[in-house]
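Below: one structure, written as structure tokens.
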Amino acid sequence: MFDLTGKTALVVGIANQQSIAYGCAKALKVQGARLAVTYLNEKAEPHVRPLAEELEAEIIAPFDVRSPGQEEALFDQIASRFGRLDTLLHSIAFAPRDDLHGRVVDCSAEGFAQAMDISVHSFLRLIRRSEPLMRDGGSCMTVSFQGAARVELGYNMMGPVKAALEAAVRYTAAELGPKGIRVNALSPGPLRTRAASGLAAFDELLDAAAARAPTHHLATIEDCGAYAVFLASPEAANITGGVHMIDGGYGIVA
């Protein structure tokens, strides 16, 4: 089951070995998927390229979602090399530090717009680019967090942003379902990733999650990868529009 031999996958969002996107890319590769992996910029490349080479990624390309030219070049490479795309994994989010660390009510219009563009609209743009290459259907995934549905200590403005991302998952799933393209979100509990470390009171959030989760274990990038493989597989052909909790039950505890 969950064999992805011959399938192709684009993974966006690897920053280092602790990245959720890296855990997903590893799992996709183990199950036979051919990979395209991106890195943000020249500063990030030395951290990402060795990981992509270890995964035998056939495409390793720069990609900043704020650069339309890079988006077009990336998908030109995918079309030329693979001729198709079966899986899209989007794992990027950003908010300006001052806005992220302040009250939601005080966040700037510019900061909120930037967070929405990078964290949410970029997923829509990638789906739109992927759609013509998913001629036989496909799986589009993004990464959310339970702060989208309830208040989490220090999550602040990313809560409304992730709520918008989850709504985007539902609406695009409805629109693309007739084409056999599924859209889902992975929602792991708190993870010690580079992006998450920018949150205020992050250590307290980790401790609280581990203490309250029924399993008393934090999620891992390997947990995320295992779920991503399932959602990418033919066995998940009828699963779409969901926000899938990967958190040891943390999300069910009042």
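The values are calculated or read from the model by the stated rules, or taken from the named source; none is laboratory data. Quick caveat, the model's predicted, so the values are computed rather than measured. Note: ideal-geometry Cβ built from the backbone for every residue, glycine included; neighbour counts use all protein chains shown.
Checking the conditions here, which among Asp98, Asp117 is part of a helix (DSSP H, G or I), surrounded by fewer than 14 Cβ atoms within 10 Å (Cβ to Cβ) and of a type in the set (Asp, Glu)?
Just one listed residue meets the conditions, Asp98.
Residues of the range 35-72 being under 21 Å from Gln114 (Cβ atoms) and surrounded by 15 or more Cβ atoms within 10 Å (Cβ to Cβ), which ones?
Thr38, Tyr39, Leu40, Ala44, Pro62, Phe63, Asp64, Val65, Gln70, Glu71, listed by residue number.
How many residues, within the range 152-181, are closer than 19 Å to Arg129 by Cα and either part of a helix (DSSP H, G or I) or of a type in the set (Phe, Trp, Tyr) (or both)?
Within the range 152-181, the subset closer than 19 Å to Arg129 by Cα is 165, 168-181.
Checking the rest, the ones that are also either part of a helix (DSSP H, G or I) or of a type in the set (Phe, Trp, Tyr) (or both) come to 165, 168-179.
Matching residues across the range 152-181 total 13.
Conditions (1) at pLDDT 95 or above; (2) in contact with a strand residue (DSSP E or B) (Cβ under 6 Å, 6 or more places away or on another chain); (3) within 14 Å of Phe145 (Cβ to Cβ); (4) part of a helix (DSSP H, G or I), marked per residue:
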site: Leu206; (1), (2), (3), (4): no, no, yes, yes
site: Thr215; (1), (2), (3), (4): no, no, no, no
site: Leu218; (1), (2), (3), (4): no, no, yes, no
site: Cys224; (1), (2), (3), (4): yes, yes, yes, yes
site: Leu231; (1), (2), (3), (4): yes, yes, no, yes
site: Met245; (1), (2), (3), (4): yes, yes, yes, no
site: Ala254; (1), (2), (3), (4): no, no, no, no
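Among Ala57, Ala21, Ala44, which is the only one that is more than 19 Å from Pro132 (Cα to Cα) and touching a residue at least 60 places away in the same chain (Cβ under 8 Å)?
On the way: Ala57 fails: touching a residue at least 60 places away in the same chain (Cβ under 8 Å); Ala44 fails: touching a residue at least 60 places away in the same chain (Cβ under 8 Å).
Within the list Ala57, Ala21, Ala44, the selection yields Ala21.
Out of Arg103, Arg97, report the one residue that is in contact (Cβ under 8 Å) with a residue 60 or more places away in the chain and more than 19 Å from Tyr22 (Cβ to Cβ).
Arg97
Looking only at the range 130-138, decide whether some residue is hydrophobic (A, V, I, L, M, F, W, C) and either touching a residue at least 60 places away in the same chain (Cβ under 8 Å) or buried (at least 23 other Cβ atoms within 10 Å of the Cβ) (or both).
no
Among the listed residues Pro96, Pro62, Pro68, identify the single one that is touching a Gly at 6+ places or on another chain (Cβ under 6 Å) and of a type outside the set (A, V, I, L, M, F, W, C).
None of the others qualify; the one that does is Pro96.
Which one of Ser91, Ser108 is surrounded by 13 or more Cβ atoms within 10 Å (Cβ to Cβ), farther than 24 Å from Ala27 by Cβ and among the hydroxyl-bearing types (Ser, Thr, Tyr)? Show your work before the answer.
On the way: Ser91 fails: farther than 24 Å from Ala27 by Cβ.
Exactly one residue qualifies, and that residue is Ser108.
Table: residues versus (1) over 17 Å from the mean Cα position of the chain (by Cα); (2) not charged (D, E, K, R).
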site	(1), (2)
Gly137	yes, yes
Ala164	no, yes
Leu186	no, yes
Phe202	yes, yes
Ala213	yes, yes
Ala219	no, yes
Glu235	yes, no
Ile246	no, yes
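Out of everything in the range 127-151 that is among the small types (Gly, Ala, Ser) and part of a helix (DSSP H, G or I), what residue ends up being nearest to Ala209 (Cα to Cα)?
Only one residue tops the list, namely Gly147.
If you go through the range 234-251 one residue at a time, how many are buried (at least 21 other Cβ atoms within 10 Å of the Cβ) and more than 21 Å from Leu205 (Cα to Cα)?
Total meeting the criteria: 1.
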